[in-house]
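**Student:** Pasting a structure below so you can have a look.
Coordinate-derived values only; no laboratory data. Fair warning: this is a prediction, and the values are worked out from it, not measured in the lab.
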Amino acid sequence: MSSHKRSSNREGDEPAVAAAQAPETNSAPTAEVENSLLEQIKKLEAEKQELTNTMLRRQADFENFKKRVEKERSQERHRGVESVVEQLVSVLDAFDRALSGNHDPAFAEYRKGFELIRGQIWNTLSKLGLQRVDSVGKEFDPNQHHAIEKVETADHAEGIVVDELAPGYLFHGRVLRPAMVRVATGLPN
């Protein structure tokens, strides 16, 4: 029986020995596992940061896209209005020619009606951004004036607009149509 007990003591001793050895054998894998987990955490944090940066860039790109589309729409509307205004400028010219012609008192009522219609058109166009170029008595500006004729005169300094043959117009500060003008030149010596 004593041999049986001995073997049983040995068996009982084996688990104690295994338990004593387990922490030593488990300590190395625990450090490896811990290092591996820390590396995975770092990789995941880097990936998360990269995805966050990508999302922020895409969000900024989308906001820029929305602003660009709105700006393009606004420019298209502006170009459309400008096109209509440019065509209506010739209607203003026609009214001006009609009003400058006949001053017969028999046509006073018709004239008054034409003046009212011309005034309504002008008010509407000016609200949209149309301005008339102020030319006569001003220095010739090739950006706003188109010189049709040079006039030799001592009454005006050289380069001054002396007469306007057709008015010029600006639309939101940009030349829609230059004024056709006569420009003063000095008298020959």
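**Student:** Mind checking which aspartates and glutamates have their Cα closer than 19 Å to the Cα of K66? Skip sequence neighbours fewer than 8 apart in that chain.
**Tutor:** Filter leaves E76.
**Student:** If you plug each phi of region 113-124 into the Karplus form 6.51 cos²θ - 1.76 cosθ + 1.60 with θ = phi - 60°, what whole-Hz ³J(HN,Hα) values come out, in order, with x for Gly and Pro?
**Tutor:** 3J(HN,Hα) across region 113-124, in whole Hz: x, 4, 5, 5, 5, 4, x, 5, 4, 4, 4, 5.
**Student:** Calculate how many DSSP beta bridges within region 131-189 are antiparallel, expressed in % of all such bridges and rounded to the nearest 5.
**Tutor:** Antiparallel bridges: around 60 percent, rounded to the nearest 5.
**Student:** Right, something else. How high is the relative contact order of region 19-170, given as a whole-number percent (alpha carbon pairs under 8 Å, six or more residues apart)?
**Tutor:** 19 percent
**Student:** Within straight cross-link reach of K48, meaning Cα distance under 19 Å, which aspartates and glutamates are found once same-chain residues fewer than 8 apart are removed?
**Tutor:** By straight Cα distance, K48 reaches E39.
**Student:** Please list, or write none, the lysines whose alpha carbon is within less than 23 Å of the alpha carbon of K138, excluding same-chain residues fewer than 8 places away.
**Tutor:** K150
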